[in-house]
Amino acid sequence: MLELVAHRGYARRFPENTLVALEGAVAAGARSIEIDVQLTADGVPVLFHDHDCRRLCGVAGAISDYDLATVSTFTVAWPKLADTTRAAIPVARVADLAAFLVRHPAVTAFVEIKRQAVRRLDPERVVRAVHEVLTPVLAQTVLISFSRPVLGAARALWPAIGLVTKRYREFEEIDRARLAPEYHFCDVEGLPRRGPLGHEGSTLVVYEVDDARRARALEARGVRLIETFACAELAQALSAPCP
């Protein structure tokens with residue numbers, strides 16, 4: 001059976017990477033979530049995806065250009081498909097994620113440290129800042145990243161890590177003897193067109209999928225985890241009888 005990973009929480013209906021998006025995903029039945037992490041200028045890890053703040057917060061500059069006091073005044077844009085009251089929703093901290101996981105002990109969080117987070121700061125420093133906050137709930141988290149240096153720093157600290165790639169073949173290009181990632185997150189557009197999918201000793205997670213027919217086709221090729229912005233809609237579509 002396919003399991004869905006709520007991409008940035010329930011991002012189709014709520015502001016992405018926020019507590020309301022995470023709570024919305026759980027309410028929709030998700031037991032796995034994926035969120036993105038960057039650091040503020042004063043070194044506080046927060047949930048944020050983009051390389052700059054314009055799309056989500058309507059301000060110029062990267063999240064790392066601002067200290068936490070300033071970031072705490074930002075609000076995150078609602079998606080176009082939101083059908084609820086559009087209250088002002090603040091940027092969440094990783095500390096908020098930790099509290100969320102305490103409230104939901106059955107939930108697993110895939111925590112992606114973005115590459116832009118380590119363009120200005122040493123990967124070891126970034127990883128340790130996130131690890132320090134998540135230590136009480138570490139068993140509920142998997143540290144994932146496109147960045148090999150981030151995963152190298154995380155390998156000794158996390159019980160499980162995951163490589164994120166755009167293309168499937170990139171997994172074969174890493175030093176698996178050193179990193180040994182338990183998960184591989186791969187863009188659906190970067191998969192080979194035919195044949196079984198998956199790697200020995202690592203679980204494949206395919207993103208971004210919101211179509212039930214495509215999800216079932218991936219399941220037939222061996223995929224068990226699908227990452228989606230539309231966790232409720234896709235779950236409902238997958239529960240319907242095949243046409």
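Quick note: the coordinates plus some simple rules give every number you see, no bench work behind them. For clarity, every value in this text was computed on a predicted model and none was experimentally measured. Neighbour counts run over all protein chains shown; Cβ positions are idealised from the backbone, glycine included.
Worth a mention:
- Other-chain or far-sequence residues with amide H under 5 Å of Phe110's (modelled H): Ile33, Glu34, Ile35, Val142
- Calculated FRET efficiency, Arg115 to Glu200, Cβ-Cβ distance, R0 = 22 Å: about 0.25 to the nearest 0.05.
- Net lengthening on full extension, Leu2/Ala156 (0.36 nm per residue, minus Cα-Cα): 52.5 nm
- Between the beta carbons of Thr135 and Ala180, assuming R0 = 30 Å, the FRET efficiency works out to 0.90 to the nearest 0.05.
- In this calculation the C-beta distance from Ala60 to Ala88 is compared with R0 = 35 Å, giving a FRET efficiency of 0.95.
- Per residue of the chain, the DSSP helices (runs of n ≥ 4 H) give a summed -39500 (n - 2.57) that works out to -7500 deg cm²/dmol at 222 nm.
- Dipole magnitude for the chain: about 380 debye, using +1 per Lys or Arg Cβ and -1 per Asp or Glu Cβ, origin at the Cα centre.
- Remark: spin-label model distance Ala220-Asp67 equals 5.8 nm, labels positioned 7 Å along the Cα→Cβ axis.
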